[in-house]
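S.K.: Input: one structure, supplied below.
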Amino acid sequence: MSSLVAVQAGPNTLVQDLGRPGLAHLGVGSAGAMDRAALALANRLVGNAPDAAGLEILFGNASFARDADTWIAATGAWGSVTAGGRAIPPNTATLLAAGETLLFGQAANGIRYYLAVRGGIDAPPVLGSRSRDTLAGIGPAPLVDGQSIPIGPEPEAPIPPVDLVPVDAPTTGEVTLELRPGPRRDWFTEEAWDVLMSANLRVSPRSDRSGIRIEGPALKRSNAGELPSEGMLPGAIQVSPDGAPTILAVDHPVTGGYPVIAVITDESLDALSQVRPGQPIRFRLATGR
Amino acid sequence: MRVLPFGDRAVLAEYDTLAETMDAFRALDAARPSGVQELVPAARTVLARIDPALISLRAAEQWLRDTQAIHAVTGISESVTIPVRYDGPDLAYTAEILGMSADELISRHSGAEWRCAFIGFAPGFAYLAGPIGLEVPRRATSRQAVPAGSVGLAGEFTGIYPRSSPGGWQLIGTTDAVLWDETREHPSTIAPGMTVRFEVLP
């Protein structure tokens, strides 16, 4: 079995699969890929099982090589991605020849590339998942330059004959996220709700896999009480005492003591994972129930 | 109890007291319908995460309300004994603010039966509820690094740091017990609903 080598690991490249949901009562969050749809697509393109592990490459500036021909697919963020100097399109299975370098340039749309390698990343699973949980420090450590990454055995499924996957590039403009009222909406003033639903909001550079901070007007509380810690999930919009909202992401603490004014829908989480620092976002009330 | 909204994949049940929450969690956990993927107990709440393909939010809400009506589940819960050296740096201060001697604090802490209400803060960090009269505030300033195995008190809980981390609990003792090992089948030594006793080591 030959390994994939991270020639340049990039600023923050993590092994991710669909995570380890179901352990929050033991203090462990789900972790997993931030953009689940992108990882699932990458796996599908190279014939991997949906729960195979891939690499989540933040911002790019990472390169890989293997001493054997390898089918790969890159999804999620869009930027300059080359194999042996040839540009490879996003969302397409590509044969990386032995010894060729696969180079991810700086992402231009979105911020997280996903790389699936046929066979999957075969890092040792922890509690049923190969995901790195950056908050709990569980799972494979972030990649370092020169690291060899074990690749699993060839899957039985062939490379699917897909010509074109209709997935657009992540937008660089305003991103609309759908939300529903959260459990503590009544801890906030009506004005705070209006601000959340109408103000010009931006994603803060101080965002990571545990939470996406939002820059905008402070959300004022009508109830100044202290909330006993309660269970949290990705998508919960927690508001700290200074009125700043943070949308919890996959590596969030399993319980939290800041009131949750609203929760973005499961579907909006993937879009949120590709929003760049400084990019404008807008919330819209989800319909139905 | 109240049921509060929590997005399109979860609902939050809120209770009046810690004891009621713990009883409700046991009842809910024992009768979980398919589609309820995860129950996260906390101090006054239980968060139920659902798969909307298997159960609707409305049905999950109804289940939370109906189950709440069941009285506390009887039966013997799993128990664990943690050996502790009562040598923590805040032992004397904590005894003082509780208005008792250090010996009395040790005797009450080790003489009580504690019950795991929930786990939060870090993997395996159990919030253990016990006798009334041992409630203390957190330290005014958190420590940068609390050593693994430190036994502390804060609010209505006692707890043990599974690994070194920052922390603001009043530290009264130390244990060599391993609280968290992710290579074990049951990684957390203590799980919600379990009873815990502390044994005094010389």
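S.K.: Scan region A:1-10 for residues that are assigned to a loop (DSSP other than H, G, I, E, B) and at pLDDT below 95 and jot them down.
M.R.: Taking region A:1-10 and keeping what is assigned to a loop (DSSP other than H, G, I, E, B), we get A:1-2, A:9-10.
Those that are assigned to a loop (DSSP other than H, G, I, E, B) and at pLDDT below 95: A:Met1, A:Ser2.
S.K.: Those residues that are within 23 Å of the chain's Cα centre (by Cα) and not in a loop (DSSP other than H, G, I, E, B), I need them from region A:166-195; list them, please.
M.R.: A:Val175, A:Thr176, A:Leu177, A:Glu178, A:Leu179, A:Arg180
S.K.: For region B:116-131, enumerate the residues that are away from chain A (no Cβ under 14 Å) and modelled with pLDDT of 95 or more.
M.R.: None; the set is empty.
S.K.: Restricting region B:150-170 to residues that are within 20 Å of A:His25 (Cα to Cα) and buried (at least 20 other Cβ atoms within 10 Å of the Cβ), which is farthest from the other protein chains (Cβ to nearest Cβ)?
M.R.: B:Thr158
S.K.: Out of all the residues in region A:255-289, which are in contact (Cβ under 8 Å) with a residue 60 or more places away in the chain, among the small types (Gly, Ala, Ser) and assigned to a strand (DSSP E or B)?
M.R.: A:Ala262 - this is the single residue of region A:255-289 that is in contact (Cβ under 8 Å) with a residue 60 or more places away in the chain, among the small types (Gly, Ala, Ser) and assigned to a strand (DSSP E or B).
S.K.: Out of the residues in region B:10-24 that are out of contact with any Pro (no Cβ under 9 Å at 6 or more places or on another chain) and in a helix (DSSP H, G or I), state the one that is farthest from the other protein chains (Cβ to nearest Cβ).
M.R.: Looking at the filtered set, the residue picked out is B:Asp23.
S.K.: Could I ask something else about it? Could you grab the pairs with beta carbons closer than 7 Å, sequence gap of 6+ or different chains, first residue in region A:16-37 and over 12 Å from A:Gly54 (Cα atoms) and within 11 Å of another protein chain (Cβ to nearest Cβ), second one among the hydroxyl-bearing types (Ser, Thr, Tyr) and surrounded by fewer than 24 Cβ atoms within 10 Å (Cβ to Cβ)?
M.R.: What qualifies is A:Arg20/A:Ser30; A:Pro21/A:Ser30.
S.K.: Moving on to the next point. I need a count of the residues in region B:38-53 that are free of Cβ contacts under 8 Å to residues at least 60 places away in the same chain and crowded, with 17+ Cβ neighbours inside 10 Å.
M.R.: Selection size over region B:38-53: 9.
S.K.: Same structure, new question: Go through region B:150-168 residue by residue and tally those that are free of Cβ contacts under 8 Å to residues at least 40 places away in the same chain and more than 17 Å from A:Ala136 (Cα to Cα).
M.R.: Summing the residues that are free of Cβ contacts under 8 Å to residues at least 40 places away in the same chain and more than 17 Å from A:Ala136 (Cα to Cα) in region B:150-168 gives 4.
S.K.: Anything in region A:179-189 that is surrounded by fewer than 18 Cβ atoms within 10 Å (Cβ to Cβ) and farther than 11 Å from A:Leu219 by Cβ? List them, or say none.
M.R.: A:Asp186
S.K.: Can you tell me which residue among A:Arg282, A:Arg213 is charged (D, E, K, R), under 30 Å from B:Ser56 (Cβ atoms) and touching a strand residue (DSSP E or B) at 6+ places or on another chain (Cβ under 7 Å)?
M.R.: After applying the criteria, what remains is A:Arg282.
S.K.: Tally the residues that are assigned to a loop (DSSP other than H, G, I, E, B), more than 23 Å from A:Ile88 (Cα to Cα) and more than 17 Å from the chain's Cα centre (by Cα), restricting the search to region A:113-144.
M.R.: Number satisfying all stated conditions: 7.
S.K.: Follow-up. Taking the options A:Pro234, A:Pro241, A:Pro280, name whichever one is at pLDDT 95 or above and either within 17 Å of A:Leu196 (Cβ to Cβ) or hydroxyl-bearing (Ser, Thr, Tyr) (or both).
M.R.: A:Pro280
S.K.: Looking at region A:178-193, is at least one residue closer than 24 Å to A:Arg112 by Cα and touching a strand residue (DSSP E or B) at 6+ places or on another chain (Cβ under 6 Å)? Break it down into steps so the answer makes sense when it comes.
M.R.: Applying the first criterion (closer than 24 Å to A:Arg112 by Cα) to region A:178-193 yields A:178-179.
Pick out the ones that are also touching a strand residue (DSSP E or B) at 6+ places or on another chain (Cβ under 6 Å) and you get A:178-179.
So far as region A:178-193 goes, yes, one or more of its residues are closer than 24 Å to A:Arg112 by Cα and touching a strand residue (DSSP E or B) at 6+ places or on another chain (Cβ under 6 Å).
S.K.: Residue check: is B:Gly173 crowded, with 22+ Cβ neighbours inside 10 Å and either closer than 22 Å to B:Tyr93 by Cβ or not assigned by TED's automatic domain parsing to the domain that holds B:Gly88 (or both)?
M.R.: Yes, satisfied.
S.K.: Applying the selection to region B:102-120, what residues are farther than 21 Å from B:Glu78 by Cβ and touching a residue at least 40 places away in the same chain (Cβ under 8 Å)?
M.R.: Listed by number, the residues that qualify are B:Leu105, B:Ile106.
S.K.: Working only within region A:241-267, note down all residues that are within 10 Å of another protein chain (Cβ to nearest Cβ) and of a type in the set (A, V, I, L, M).
M.R.: The first filter runs over region A:241-267 and keeps only residues within 10 Å of another protein chain (Cβ to nearest Cβ), leaving A:253-257, A:260, A:262-267.
Within region A:241-267, A:Val254, A:Val260, A:Ala262, A:Val263, A:Ile264 qualify.
S.K.: Let me ask you something else. Kindly provide the set of residues from region A:86-112 that are of a type in the set (A, V, I, L, M), touching a residue at least 40 places away in the same chain (Cβ under 8 Å) and outside any strand (DSSP E or B), ordered by number.
M.R.: none
S.K.: Is it the case, given these coordinates, that A:Asp270 is modelled with pLDDT of 95 or more, out of contact with any strand residue (DSSP E or B) (no Cβ under 6 Å at 6 or more places or on another chain), within 14 Å of chain B (Cβ to nearest Cβ) and closer than 21 Å to A:Ser30 by Cα?
M.R.: In short, yes.
The values are calculated or read from the model by the stated rules, or taken from the named source; none is laboratory data. Note that this is a predicted model, so its numbers are computed, not measured. Please note: Cβ atoms are built from the backbone with ideal geometry, for glycine as well, and neighbour counts cover all protein chains shown.
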